[in-house]
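S.K.: Have a look at the structure that comes next, please.
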Amino acid sequence: MAEPTTDATTDEASQRETAELVRYSETLAALSRAAGREDLADRLRHTRARLLDPYVRVLVVGEYKQGKSKLINALVGAPACPVDDDVATRVPTVVAYGETPSAALLVRATAGGEVARREVPLDDVAEHITSHPATFDGEEVVGAEVLLPREILKGGLRLVDSPGVGDVESFRALATLSALAGASAMLLVSDASQEYTASELRLMGQALRISPQVSAVLSKTDVYPHWRRIEEIDRGHLSSLGGIPVFAVSSDLRLAAGATNDAGLNDESGFPVLVQHLRREVVAPADDLQRRAAALDLASVVDQLAMAVQSEQHALQHPEQTPELIARLESARQQAEDFRSRSSRWQVILTDGIADLIADTEHDLRDRLRRVQRQAEEAIEEGDPSPIWDEFSQWLDERVGEAVADTFIWTNERQQWLTQEVAAQFLEGEHDIPDIDVSDITGVLDPVDEIAGMDAAPLSAAEKIYIGVRGSYGGVLMVGLATSVLGMAVLNPLSLLAGVLVGRRAYREDKQARLSRRQSEAKNLVRRYIDEVAFQVGKQLRDRLRVVQRATRDHFGARADEIHRSLTAAADAARQAASVYTKDRDVRLEQLRQHAQALTELRKALPAVTSAAGTGDRPSIARRA
């Protein structure tokens, strides 16, 4: 069903601005190649590609069977995701725009191997993403993509249907938080049957630390008449997390409205408000940020190209000042050369910051895991762990997963602060920060073996009798021998009574000894599991932070190289200008004037952009969640 076009004017203006930026990037790329600056042309090629293929990922998450897939189907007005009472989505499914309906599976032949794309008929997607395990021709299915010609998706919106957080195959919320790291926004779907659970509220809190664009969707309002009361309670829960918008919707009403083209029914479904929110608060800001970043790239390239033109122009117009100009350019070039060295201030900040961050994150991880271990050992001390070991293992999995997720999220916050510090030191006023994500926790616990099983070993009746008889034998014998002095038989009422008492005590002592052994065994299993998690996850944390270091170093190093080459080109142009004959000077000045005018016009035509990046406050260990 078509949505109101109240934002059509804004969308057209955004599209025009994007088209202008693409045209400017093509013009600048041609000027860069003409000036021999292939490095700048390559940078502009990436900028143009980002402008031509914008996308905004919106992650739809929630617990098992809350209506996530049907919500996406209702948003796009098509059966993009499988919906069934008996099956569930096993892998993330991306629903995006395409000129013609099509589908593909993302498969991996081996664990940790390369991901390949396999085109499949649209009707076959459901079979492969809901099966257990999700496979295609013997290969593991790790994701799916569905392309549909829908207006709501045309602006770059990509809806991601995620596996249920409460599904036993999803390893809790780890995969969800991993996907959120690369998403622009998140919709938490919870049906109107009950208020938010503790796990949903915790997921919401963690999500807010990764992405500020988090919204809540209350689904199935047509099924539960008391949905307004549930909405009121949920809003109360969310008030402590900030101003998170809540949308009450009915997917069935939306689909029925689309089938009958009933605008009134569509309004009653609650979807128009949700669609408007996605367009205005999610897609539009993301597009604006993309254009601002592109404009900053273009402005930087214009300034670097203009540097050589202005230097040569000044040398031709004022030849007597050429030595002074060259000296200034050489001094600036030497500063740029120093900026590229390992001893430069930004390199030192980066190296020291990464070293501190590795130490802090390892301490943070161990601290969180030790708290989990203490809680687990206290629970084991309260009774016999063997009868409830499966439930205990599941609880321990959840607590460890939460601890690992919190550490990765906290590390990501620290990493972002560090890259902003480096950016501030590198070029004051130009915070071009590489997009590096550390909070992605996909597969971090894959190398960790499952918690070992524990033999409950319940005693049979015969074994209990045997233990009692074995313990009573000594009592019967001692009392029997003592009473035999009085002329009584070894087996007499007194000796038998003593045997019962001693046997009962022996049984209790044996029972306590067995309980202590099982508790000790359970604690050892927990310790080994925690140690393995700390070892494997700690290694991945260090590796990822090294990736952050290399990516940040390469990013800012490339910018330093660009500046160095620009200053070198400007100095060379000034030297060449000094040797130009008088008869050729006027011709060259006219060429430079036209070139400078073209660059000036381009610079003025770029949208006004300001950097909103800031260094902020450094997070500390005391501020951890």
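Every read-out reported here was derived from the displayed coordinates using simple, explicitly stated rules and does not represent laboratory data. What you are looking at is a predicted structure, and each value in this text was computed from that prediction instead of being measured. Please note: Cβ atoms are built from the backbone with ideal geometry, for glycine as well, and neighbour counts cover all protein chains shown.
S.K.: Neighbouring Cβ atoms within 10 Å as the yardstick, rank E195, E382 fewest first.
M.R.: E382, E195
S.K.: Relative contact order for region 217-304: what is it in percent, counting Cα pairs under 8 Å that are at least 6 residues apart?
M.R.: Value for region 217-304: 24 percent.
S.K.: Then there's this: How high is the FRET efficiency between D124 and R345 when r is their beta carbon distance and R₀ equals 41 Å, given to the nearest 0.05?
M.R.: After rounding to 0.05, the efficiency reads 0.10.
S.K.: How would K68, K539 line up from fewest to most surrounding beta-carbon atoms within 10 angstrom?
M.R.: On the way: K68 33, K539 12.
Going from sparsest to densest Cβ surroundings: K539, K68.
S.K.: For a footprinting-style exposure proxy, rank H595, H132 by other Cβ within 10 Å, fewest first.
M.R.: H132, H595
S.K.: Got the relative contact order for region 54-269 handy, in percent, Cα pairs under 8 Å and 6 or more residues apart?
M.R.: Once normalised by length, the contact order is 25 percent.
S.K.: Working out 0.36 nm times the residue gap between D288 and A116, then minus their Cα-Cα distance, what length gain in nm do you get to one decimal?
M.R.: 58.7 nm
S.K.: Which pairs break 20 Å Cα to Cα here: K65/K220; K65/K154; K68/K220? Please report the intermediate quantities before stating the final value.
M.R.: Values: K65/K220 11 Å; K65/K154 28 Å; K68/K220 10 Å.
Too far apart for the 20 Å limit: K65/K154.
S.K.: Another question about this same structure. Antiparallel versus total DSSP beta bridges in region 54-269: what percent is that, nearest 5?
M.R.: 45 percent
S.K.: Sticking with this one: Run the simple label-point estimate for A605 and W395 please: 7 Å along Cα→C-beta, distance reported in nm.
M.R.: Here the modelled spin labels are 6.7 nm apart.
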